[in-house]
Amino acid sequence: CEDNYMNIEITTMLLKDRGVIVETAEDGEAGLKKYSASAEGYYDAVLMDIRMPVMDGYEAAKRIRELKRGDALKVPIIALTADAFVESINAAKEAGMNDFITKPLEPKKLYEVLQRQIDLTKR
């Protein structure tokens, strides 16, 4: 979930280069709708920008966690933001996010966080 077209393009390219199937949403509300409409277990992880119009990443993460489905509490939700303040990291955790990546994205960090979070859900 990302509202900046350039960030979508860069992140999508980085992920597709590693063979990842990517779906995008332009804001938290659109991401929540896609997640809600998907089959249980369809998504291995959710990358969630924090600051977006319509519905921000904090609210979208909270609402995903509140869904009445088996994967809603397990799917890794990873915050993406240029704001690396301690308050933002704490707010992301309080919203139910599992990890935090700052922008601009460092490919190695992106891959490491995704791999670690997805591996944790497979245990």
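By its C-alpha gyration tensor, with a ≥ b ≥ c as the square roots of the eigenvalues, how is the chain shaped: rounded for a/c under 1.5, else prolate for a/b larger than b/c, else oblate? Let's see the in-between values first.
Details: a/c = 1.23, a/b = 1.09, b/c = 1.12.
Note, shape of the chain comes out rounded.
Using a Gaussian network model of the chain whose springs link C-alpha atoms within less than 10 Å, name the residue from Lys108, Lys93, Lys62 with the highest mean-square fluctuation.
Lys108
Once you have the Kirkwood Rh of the range 78-123 from its Cα pairs, apply Stokes-Einstein at 20 °C and 1.002 mPa s and quote D in µm²/s. Write down the numbers at each step before the final one.
Values: Rh = 11.1 Å.
For the chosen part, D equals 194 µm²/s.
With θ set to phi - 60° and the Karplus curve 6.51 cos²θ - 1.76 cosθ + 1.60, what are the ³J(HN,Hα) couplings of the range 41-53 in order, to the nearest whole Hz, using x for Gly and Pro?
For the range 41-53, the Karplus-derived couplings read x, 4, 9, 7, 6, 10, 8, 10, 5, 7, 9, 9, x Hz, x marking Gly and Pro.
Pull up all non-local amide H partners of Met48: gap of 5 or more, or a different chain, and H-to-H distance under 5 Å with H placed in the peptide plane.
Amide H to amide H, under 5 Å and 5 or more residues apart or across chains, Met48 pairs with Ile78, Ala79, Leu80.
Restricting to DSSP loop positions (anything but H, G, I, E, B) with no more than 16 other Cβ atoms inside 10 Å of their own Cβ, which chymotrypsin sites (Phe, Trp or Tyr not before Pro) remain in the range 1-65?
For chymotrypsin sites (Phe, Trp or Tyr not before Pro) across the range 1-65 that sit outside H, G, I, E and B with at most 16 neighbouring Cβ atoms in 10 Å, the list reads Tyr42.
Using only DSSP helix segments of four residues or longer, with each worth -39500 (n - 2.57), what per-residue ellipticity at 222 nm results for the chain after dividing by its residue count and rounding to 500?
Numbers: 5 runs with 57 residues, N = 123.
Helices in the chain give a 222 nm mean residue ellipticity of -14000 deg cm²/dmol.
Summarise the accessible area of the range 21-123 (1.4 Å probe, protein heavy atoms) by the percent that is carbon and sulfur. Spell out each step's value before the answer.
Working: 3090 of 5830 Å².
The nonpolar share, carbon plus sulfur, comes to 53 percent.
Express the accessible area of the range 38-81 per residue in Å², computed with a 1.4 Å probe while the remaining protein chains stay in the model.
Numbers: 2080 Å² over 44 residues.
Value returned for the range 38-81: 47 Å² of accessible area per residue.
Would you check the chain for Lys pairs whose C-alpha atoms are within less than 19 Å, ignoring same-chain pairs closer than 8 in sequence, and give me the count?
15
Which value, in debye to the nearest 20, describes the size of the charge dipole of the chain about its Cα centre when Lys and Arg Cβ atoms bear +1, Asp and Glu Cβ atoms bear -1, and nothing else is charged?
Details: 18 positive and 22 negative charges, 109 e Å.
Roughly 520 debye, rounded to the nearest 20.
Name the shape class, rounded, prolate or oblate, that the alpha-carbon gyration tensor gives for the range 1-41, where a ≥ b ≥ c are the square roots of its eigenvalues, rounded holds for a/c under 1.5, and otherwise prolate holds if a/b is larger than b/c and oblate otherwise.
Numbers: a/c = 4.51, a/b = 1.29, b/c = 3.49.
Note, shape of the range 1-41 comes out oblate.
The values are calculated or read from the model by the stated rules, or taken from the named source; none is laboratory data. Please read all numbers here as calculations on a predicted model, not as lab measurements. Cβ atoms come from the backbone with ideal geometry, glycine included; neighbour counts cover every protein chain shown. Surface accessibility is based on the protein's heavy atoms, side chains included, excluding ligands, DNA and RNA. Shrake-Rupley method; radii C 1.70, N 1.55, O 1.52, S 1.80 Å.
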